[in-house]
1. Can you pick out the pairs among K92/K223; K54/K350; K207/K333; K205/K350 whose Cα atoms lie more than 30 Å from each other?
2. Looking at region 1-103, which trypsin sites (Lys or Arg not before Pro) are in a loop (DSSP not H, G, I, E or B) and have at most 15 other Cβ atoms within 10 Å?
3. Starting from region 234-321, pick out the trypsin sites (Lys or Arg not before Pro) whose DSSP state is loop and whose Cβ has at most 16 other Cβ atoms within 10 Å.
4. Hey, how many Å between the Cα centroid of region 181-240 and the Cα centroid of region 337-358?
5. Which length gain, in nm to one decimal place, applies between D153 and D27 when the Cα-Cα distance is subtracted from 0.36 nm times their residue separation?
6. What is the Cα centroid distance between region 1-50 and region 131-152, reported in whole angstrom?
7. Using modelled amide H (1.01 Å from N, peptide plane; none on Pro or chain starts), what sits under 5 Å from the amide H of G132, excluding residues fewer than 5 places away?
8. At T229 and S81, where each label point lies 7 Å from the Cα along Cα→Cβ, what is the point-to-point distance in nanometres?
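The numbers here are math on the coordinates, done by the rules we state, and not lab data. None of these values were measured; they are calculated from a predicted model. No Cβ is skipped: glycine too gets one built from the backbone with ideal geometry, and neighbour counts run over all protein chains shown.
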Amino acid sequence: MAEMEQRYVASMVLSGAGDAMGYHNGDWEFCPSGEAIHKELALMGGLTSLDVKKLCVSDDTVMHLATAEALVEMKKGASISELFQTLAQKYKDSMHDMHGRAPGITCMHSVNLLRPKVEGGWKIPFNGRGGGCGAAMRAMCVGLRFPEPSQEDLLVAVSVESGLMTHHHPTGYLGALAAALFTAYAVRGKPPLEWGRGLLDILEKAKEYIKQSGHFVEENLEKWDYFETAWRNYLELRGILDGKSEPQFPEHYGVKERDVFYKSLSYSGIAGSSGHDAPMIAYDALLIAGSSWVELAHHAFFHGGDSDSTAVIAAAWWGAIYGFEGVPEVNYKKLEYRERLARLAQELYKIRDKPIPL
């Protein structure tokens, strides 16, 4: 298997593995204390002993699979509107596999509104409470499908539109853009310290897409600035707003300090539960972890908040950069849906340069 293809497989498989470990059958998702999780993990023998065979994936991976399946099943010559119809159908189908996976209320409600067989039936009304992370957690594969700079218009359109299907609020669907864009950057080999600046630069293109859609434009623009401001503030804090400088972290940045910081980034007091802070916490973890899978997990998978959503995103990016290098097999070998994730990754690799008419 080619190195790039292996990275594609690692991106999808490790994303599911991170989700399963961060969710931990529902015990660790939304646990208010990262310290409690780390103590429990230590009693289990640490990350290198954490076997995923008894851990199910959450709704995050089920919906990520749905997104990937829509992308790979798109027939040659099909229009982008046909892709959106397929995405809507896949999201509806995914709701049949949610037992024990804690699907989000916004996702369930919004999916019920989708009408895939009707022209434009993937569009739902604006939702003033739709800023959650449910759009971000499933969009990484969009970056695997459209990794090149020449495909950025497609990446924006597909990530934003896929997010709009359940989270029609800028804070929600722009999280999908961030998750997809950073995956594309990882595939390209773009240094992570440049990613945040790249996100700010592409937001204007996303705004123009919303304006051109003519769908609840005024409501979207009214709520637009929160996401951009939150990301700009974070990048300034880390000293990487210019996309050139090395990130700066506190001298003491342990589990307790991270819990406090992650919570400060949140919209509602639950770290990683919104479209802006789920990819932000994942990015924070990737920046400090570098090539260490263990450090990535400690920062992104096990904290007091929406731990599986930050994990599913961070692990996808890490896998797209480093493959499976240094990852204990016990963390992913017997993962639920591993073969499905790997097969979809290989299909995405094969079609990554195939055009779609906008």
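1. From the list (K92/K223; K54/K350; K207/K333; K205/K350), the Cα-Cα distance tops 30 Å for K54/K350; K207/K333.
2. Those satisfying the criteria are K75, K76.
3. Sites meeting the loop and neighbour criteria: K244.
4. One Cα centre to the other: 25 Å.
5. Separation in residues times 0.36 nm, less the Cα-Cα distance, equals 41.4 nm.
6. Here the two parts' Cα centres lie 21 Å apart.
7. Residues meeting the amide H criterion: G275.
8. According to this spin-label approximation, the distance is 3.7 nm.
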